[in-house]
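K.L.:
Below you'll find the structure I mean.
The values are calculated or read from the model by the stated rules, or taken from the named source; none is laboratory data. Computed from a predicted model, the values in this text were never measured in an experiment. Every residue, glycine among them, receives a Cβ derived from its backbone with ideal geometry; neighbour counts consider all protein chains shown.
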Amino acid sequence: MIRVNANPAIDTTIKLVGVAVVMFAFVFVVMVPLYDVLCDALGINGKTSGEAYTAVQAGVDESREITIQFVATNNEGMPWEFRPQSTMINVHPGAVNDTVFYARNPLPEAMVAQAIPSVSPSRAAEYFHKTECFCFNQQPLEGLSDVQMPLQFIVDQDLPSDIKTITLSYTIFDVTEMVNGAVAVR
């Protein structure tokens, strides 16, 4: 027996919704883990935790010295001046280290920024612990003003011995509209 559907528009809508659900599931279930595996395999996009590390007293390994490089990049359209105070320092695993990043808003109006960190090589990310970082919070800055933003970190003593240099890179984004939009909605 042949069934004739009285409303082909409903069938088409159901099929389109099904395709959209499958596409959404593919992106979040398959592509995100695939991206993470690819980044790990290629040693790119080393992610650090967005939370402060609680240090455990383990002593300082003065027999090793690790070079830490700092890189600051502005996302497209971000007008701030943004740079590390020092582009490179040498540290001992287990020691608490401090440095500062400088930011200046050259515009007359206030802005809000968010810095996103990345560690290279990516396998070093799990051994690089930030105890204080401007990247933990959004950074509001009045127009035509500047700020010194602190960074405190520890390189874990369990860092593999073949890693001699770690690059900590920050990209700073303008999130002013997002923050103002969230305030306006409340």
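K.L.:
Have a look at 68, 44 and point out the one that is within 24 Å of residue 158 (Cβ to Cβ), modelled with pLDDT of 95 or more and within 18 Å of the chain's Cα centre (by Cα).
P.N.:
Testing whether each residue is within 24 Å of residue 158 (Cβ to Cβ), modelled with pLDDT of 95 or more and within 18 Å of the chain's Cα centre (by Cα) leaves just 68.
K.L.:
Within region 95-110, which residues are within 16 Å of residue 172 (Cα to Cα) and of a type in the set (Gly, Ala, Ser)?
P.N.:
103, 110
K.L.:
Here is a check on your reading of the model: is residue 126 in the same structural domain as residue 146 (by TED's automatic domain parsing), free of Cβ contacts under 8 Å to residues at least 40 places away in the same chain, within 13 Å of residue 153 (Cα to Cα) and acidic (Asp, Glu)?
P.N.:
For residue 126, the condition - in the same structural domain as residue 146 (by TED's automatic domain parsing), free of Cβ contacts under 8 Å to residues at least 40 places away in the same chain, within 13 Å of residue 153 (Cα to Cα) and acidic (Asp, Glu) - is met.
K.L.:
Given the options 86, 118, name the one that is among the polar types (S, T, N, Q) and closer than 19 Å to residue 65 by Cβ.
P.N.:
86
K.L.:
Let me ask something additional. Hey, residue 168 hits all of (1) without any contact (Cβ under 8 Å) to a residue 60 or more places away in the chain; (2) among the hydrophobic types (A, V, I, L, M, F, W, C); (3) over 19 Å from residue 77 (Cβ atoms) but one; which does it fall short on?
P.N.:
For residue 168, the failing item is (1).
K.L.:
Can you tell me which condition residue 119 does not meet? The list is (1) surrounded by fewer than 18 Cβ atoms within 10 Å (Cβ to Cβ); (2) touching a residue at least 12 places away in the same chain (Cβ under 8 Å), and all the others hold.
P.N.:
(1)
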